[in-house]
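Coordinate-derived values only; no laboratory data. Model, not experiment: these values are computed from the prediction. Because the Cβ atoms are built from the backbone with ideal geometry, glycine has one as well, and the counts that use them run over all protein chains shown.
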Amino acid sequence: MMPAFQAPAWLVGCGNMAGAMVEGWRGAGLDFAGVTVIRPSGRPVEGVRTVTQYPDEMPNLVMLGFKPQKLDEVAPHLAPLVAAGTVIVSLLAGVEIASLRVRFPDARSIVRSLPNLPVAIGEGVIPLFGDGDAVHEIVELMRPLGMVIATGDESALAGIGAIAGAGPAYVARFAEALAQAGRAHGVTADAMPIALQTMSGSAALMQATGEDGAALSRRVASPGGTTEAGLAVLDRDSALDGLVEETIAAAIRRGHELAATAAVEHRAPLA
Ligand SMILES: NC(=O)c1ccc[n+]([C@@H]2O[C@H](COP(=O)([O-])OP(=O)(O)OC[C@H]3O[C@@H](n4cnc5c(N)ncnc54)[C@H](OP(=O)(O)O)[C@@H]3O)[C@@H](O)[C@H]2O)c1
């Protein structure tokens, strides 16, 4: 059955990420009646009522889709409009439930999510963690957007967010690097479509067969052959593993810094 928004539903901020989610929901045929986008620019969002001021109604659902740095600009105005029946869904990377809860003490439930941009085509990864009793409702709402993972451990959210939320940026860079290397070796106009089809085809094959990376690599690389020569470079001194590990660790570290900032910024006015 098609999920529905618990109207009135407010999307507070609708840039890259919330906009991609709207695209995904639209593609799945969800009804946006009773949904309002609130954003300072008032830039229209196709098929969704878009305004610059909070409507005069009590929201059942409020999705926070602005940057974490804007939290203390938004919360003082929004919190008085959040009632005991309101579920908050926060997309704010690195801002923990505890930091949100002190800012929105009356909310029925607060659910954090760190989706990734392929939600726009229903192919996202959508990790969720929440307090209160609304997590299952939000799981259903997110289902048309891709693979939903409800976790009982908030710290797991940071890890999943670091590989899936930020992951499309890393995958996009790998695709660019593959295409660029192809061009350097005479692959001209079609280098990028070839790189993309190779990546999506390989991922689809691994999903279909359940094979792990090592097994697929072994099937491609014959002993003493060309692929094996390439893999020897990727694996030299664990070059690829080390680089990816360092990349993810940097993102997680930054998430901790943002979480600490959100916690301190809240405590400061109380001191
Ligand atoms: N992009 C990703 O892949 C990704 C992944 C995981 C999580 N996230 C999280 O998603 C959130 C949004 O990121 P984004 O990349 O979508 O940012 P973005 O494209 O810059 O969009 C930010 C949105 O916030 C709105 N906004 C700014 N100030 C506001 C205010 N005072 N009140 C209400 N809305 C306000 C902006 O409105 P105008 O357009 O009208 O200026 C815009 O619609 C962030 O918290 C980020 O941590 C993003």
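Details
- Between Lys67 and Val244, the contour length at 0.36 nm per residue exceeds the alpha carbon distance by 61.2 nm.
- Peptides 215-228, 187-200 ordered by average Cβ neighbours within 10 Å, highest first: 187-200, 215-228
- When DSSP beta bridges are restricted to pairs lying wholly in the chain, around 15% turn out antiparallel.
- CD proxy at 222 nm, helix term only [per DSSP H run n ≥ 4: -39500 (n - 2.57); per residue of the chain; nearest 500]: -14500 deg cm²/dmol
- Förster radius 30 Å - calculated FRET efficiency between Met192 and Ala98 (Cβ-Cβ, nearest 0.05): 0.10
- Based on Cα contacts under 8 Å between residues 6+ apart, the chain shows a relative contact order of 15 percent.
- Percent RCO, i.e. relative contact order, over the stretch 167-250, from Cα pairs under 8 Å lying at least 6 residues apart: 14
- The distance from the alpha carbon centre of the stretch 229-250 to that of the stretch 25-56 is 43 Å, rounded to a whole number.
- Normalised by the number of residues in the stretch 10-59, the mean separation of alpha-carbon contacts (under 8 Å, six or more apart) gives a relative contact order of 36 percent.
- Volume per residue of the convex hull around the Cα atoms, evaluated for the chain, comes out as 161 Å³.
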